[in-house]
Every structure is written in C-alpha cells, then in structure tokens.
Amino acid sequence: MGYPTDILGTRAIVRPNYAVVPAAGLVNNVVPGIENCRISIVASPKIGAGFVQYIIEAALHGGTSKPFGQSAGIECFLFCIEGEGWAAAGEEKITLTPGAYVFAPAGIGLSFQNTADTKMKLILYKQRYIPIENHSAWTVFGNVNDIPFRPYDDMDNLLIKDLLPVNLGFDLNFHILSFLPGACHPFAETHVQEHGAYILTGEGCYYLDDNWGMIKKGDFVWFGPYCPQAAYGVGREDFTYIYSKDCNRDPEL
C-alpha cells in the first residue's frame, strides 16, 4: 500500500441501521478455505446484518480449497463482477464471466477459482436458511446479461432484474436495480427487509435513515431493517447496483 499521499480521511459511514463502505477503506482478511485471494468482509452480524457479505479479488488460481458454506442450514450466493474462472455448486459447474452467478441452497456449498492471469472480482454472500413446510430452494446458475430489464413500479427510467426464482422455497433474492440519469425511487421506502448493495456503475445520491449522501461505483451499502431509503441517479451514466433482499417469510416472535 505504501505511505499515504494526503491527510487521512474516509467516506465510510457506520450507523446503527445502515453503513456505507467505500472501496478505498477495504482491508484484507484471512478466511480458512479461501486461498490466494484478497477478502474484505463488508457486512456481518457484528454490524447488525443478518448475513455475511464479502468482496473478493482472486489472483491466478485463487479460490476455494474446499466448498464454502457447506454447513447445515447455510445458503450461499456468488456473483462475478469482473474476470474469468469457474464456479461449482454440488456436482454442477459453470464458467464465470462478468455477470455470471450461482446460488447454492442450504448445505450444498459452492466453490470457485480464477483461471485467468488478471484478477477476478467477486461478491460472495451467505446467510442461514429459514425452512418452510412443503417448499425448498434449488441450485441456480445464471448470468445477468441473459435477463432482460423490466420497469420498476411502472417507471421507464428505473429498471430491475430478478436473479433468483420468485418462489416460496427461496427466503432470499438478488436484484439488479438501474437508475437512468435523473431517475429516482417512486417514494422513500421503509420496510422490514434488509439489503446488502454493491454499486456496479455510476453515482447516486442516497437517502439513508435521515441523511442524504453520495455513493458511487465500488461502494458497498448495508440497509438495516426499517431504514428509510431512497435514491436519485446522478451523473452521466446509469447508477446500477446488485442487492440482496430477504423475502417470503413471516418474522419470528
């Protein structure tokens, strides 16, 4: 990393109900079973999240030395931001290119490896599955580039993709949300679901809790339950991010 070039500072914000984690502040972590990778843990129960999310940069041949998230009750999701490699869930295996993803249901686990000379950048996510009678999730492979956008809440300048099936067996979904320049949410949302969002392109002005702030490509944002939230896409390119959402379950008392 070397010596700093200016007075130390950060755009990071950590509050009881939300957090903004910019790429410039990420640090490396050692996670057993993942090798030759730079791993940043951007959300976990220690911050208040009901999941764990990682930003990973895998060097050549970097990846898992054993299946990740194979413990009973743990479901996982992997998304390729850039680079090339492969990913597997159980006995199924796919080529990873930008936009490719895999969901591994509880207890299956997933594996990945970078096969190119350039770094492969990934999002990795895990949470505890909440089972429901007569329904179950299944392994899903896909690529966001094969999924068409649809208008969000009848607005042509705000677009969305669903990455996982809309099915009661799934207590989790991932979405791509894209704001054309000047687009915004139809209203400020306040809901029980929490999100983990990674900004893929552009810049946005986001309302979080009771503050407006700027976020941009490479930032991670955690939205806690009932955190008021809304955004405007600003700048000259689409403001696009991938985010998680817990769903299809009644909260426990």
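Please treat every number below as a calculation from the coordinates, not as lab data. Everything quoted here is computed from the prediction, not taken from an experiment. Virtual Cβ from ideal backbone geometry, glycine too; neighbours counted across all protein chains shown.
With a cut-off of at most 16 other beta carbons within 10 Å, and DSSP calling the residue loop, which trypsin sites (Lys or Arg not before Pro) in segment 1-67 qualify? Please list them. Show your work: numbers first, answer last.
Details: sites: Arg11, Arg38, Lys46; in loops: Arg11, Lys46.
Sites meeting the loop and neighbour criteria: Arg11, Lys46.
Please compute, for the alpha-carbon atoms of the chain, the extent along each of the three principal axes and give them in descending order in Å.
Taking the Cα atoms of the chain, the three principal extents are 55, 44, 37 Å.
Which value, in debye to the nearest 20, describes the size of the charge dipole of segment 90-186 about its Cα centre when Lys and Arg Cβ atoms bear +1, Asp and Glu Cβ atoms bear -1, and nothing else is charged? List each step's numbers first, then the result.
Working: 7 positive and 10 negative charges, 78 e Å.
Using only the charged Cβ atoms, the result is roughly 380 debye.
Would you work out the charge dipole size for the chain about its Cα centre, treating the Cβ of every Lys and Arg as +1 and the Cβ of every Asp and Glu as -1, and quote it to the nearest 20 debye?
Values: 17 positive and 27 negative charges, 127 e Å.
Charge dipole, the chain, about its Cα centre: 600 debye, nearest 20.
Loop only per DSSP, at most 15 neighbouring Cβ atoms within 10 Å: give me the trypsin sites (Lys or Arg not before Pro) in segment 154-237, ordered by residue number.
Numbers: sites: Lys161, Lys216, Lys217, Arg236; in loops: Lys217, Arg236.
Those satisfying the criteria are Arg236.
In the chain, if the dipole is taken from +1 on Lys/Arg beta carbons and -1 on Asp/Glu beta carbons about the Cα centre, which of Ser65, Cys184, Leu253 is farthest to the positive end?
Towards the positive end, the residue furthest out is Ser65.
Just need the relative contact order of the chain here, percent rounded to a whole number, with Cα pairs under 8 Å and 6+ apart. Walk me through the intermediate numbers first.
Details: 654 pairs, mean separation 43.1, N = 253.
This gives 17 percent for the chain.
Using only alpha carbon pairs under 8 Å that are at least six residues apart, calculate the relative contact order of segment 145-246 and give it in whole percent.
Details: 249 pairs, mean separation 33.3, N = 102.
RCO, segment 145-246: 33 percent.
Could you sort the peptides 88-95, 144-151 by per-residue average Cβ neighbour count (10 Å cutoff), highest mean leading?
On the way: 88-95: 15.5, 144-151: 11.5.
In decreasing order of mean packing, 88-95, 144-151 become 88-95, 144-151.
DSSP loop (so not H, G, I, E, B), at most 14 other Cβ within 10 Å: list which chymotrypsin sites (Phe, Trp or Tyr not before Pro) in segment 160-192 pass both filters. Walk me through the numbers before you get to the answer.
Numbers: sites: Phe170, Phe174, Phe179, Phe187; in loops: Phe170, Phe187.
For chymotrypsin sites (Phe, Trp or Tyr not before Pro) across segment 160-192 that sit outside H, G, I, E and B with at most 14 neighbouring Cβ atoms in 10 Å, the list reads Phe187.
Positive end of the dipole of the chain, charges at C-beta (+1 Lys, Arg; -1 Asp, Glu), about the Cα centre: which of Thr95, Gln127, Tyr3 has its Cα farthest in that direction?
Tyr3
When you take every Cα atom in segment 145-246, what is the radius of gyration, and what is Dmax, the widest Cα pair distance, in Å?
Considering segment 145-246 through its Cα atoms, Rg and Dmax are 13.0, 39 Å.
May I ask you to derive the FRET efficiency for Asp6 and Asp153 from their Cβ-Cβ distance with R0 = 41 Å, giving the value to the nearest 0.05? Walk me through the intermediate numbers first.
Values: r = 42 Å, r/R0 = 1.03.
About 0.45, to the nearest 0.05.
Straight-line reach from Lys161: which lysines have Cα under 27 Å away, leaving out those fewer than 8 places along the same chain?
Qualifying lysines at Cα under 27 Å: Lys93, Lys119, Lys121, Lys126, Lys216, Lys217, Lys245.
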